[in-house]
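The values are calculated or read from the model by the stated rules, or taken from the named source; none is laboratory data. The structure displayed is predicted, hence computed values, not measured ones. Note: ideal-geometry Cβ built from the backbone for every residue, glycine included; neighbour counts use all protein chains shown.
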C-alpha cells in the first residue's frame, strides 16, 4: 500500500470529494436561508442588514432548492471519486510496468 504525502497534488486529488461534500453541506445550510433580514442595534434606531432570515429572496424561496443542492453535491462528489479512483488505478499500472 502506498501512502500519500500531505499537500501534494495527489493529496488534493484524494481529498477533493470530501471537500466538495463539506462545502455542499455548508451551502445546504446557508443558501436556502438567505433573505432580506435586518437587525436593530440596541439603544439606537439603526437597522443593519442581516442576510440570514427575514423575507426570503425569490430564488432562495423555492422549496426544491435544497434537493437541487444535495443532488449537485452528491453527483459532483461521485464524479470526483471516480476520477480519483481512475487516477489511482492508472498510477498503479504505471508502477507495475
Item to complete: Kindly list the number of the only condition in (1) assigned to a helix (DSSP H, G or I); (2) at pLDDT 85 or above that fails for residue 61.
Response: (1)
Fill in: Residue among 53, 43, 35 that alone is free of Cβ contacts under 8 Å to residues at least 24 places away in the same chain and touching a strand residue (DSSP E or B) at 6+ places or on another chain (Cβ under 9 Å)
53
Practice prompt. Report, ordered by the first and then the second residue, all pairs with beta carbons closer than 9 Å, sequence separation of six or more or different chains, a first member in the range 1-24 that is surrounded by 12 or more Cβ atoms within 10 Å (Cβ to Cβ), and a second member that is at pLDDT below 85 and not in a helix (DSSP H, G or I).
Written response: 10/4; 11/4; 11/5; 13/4; 14/4
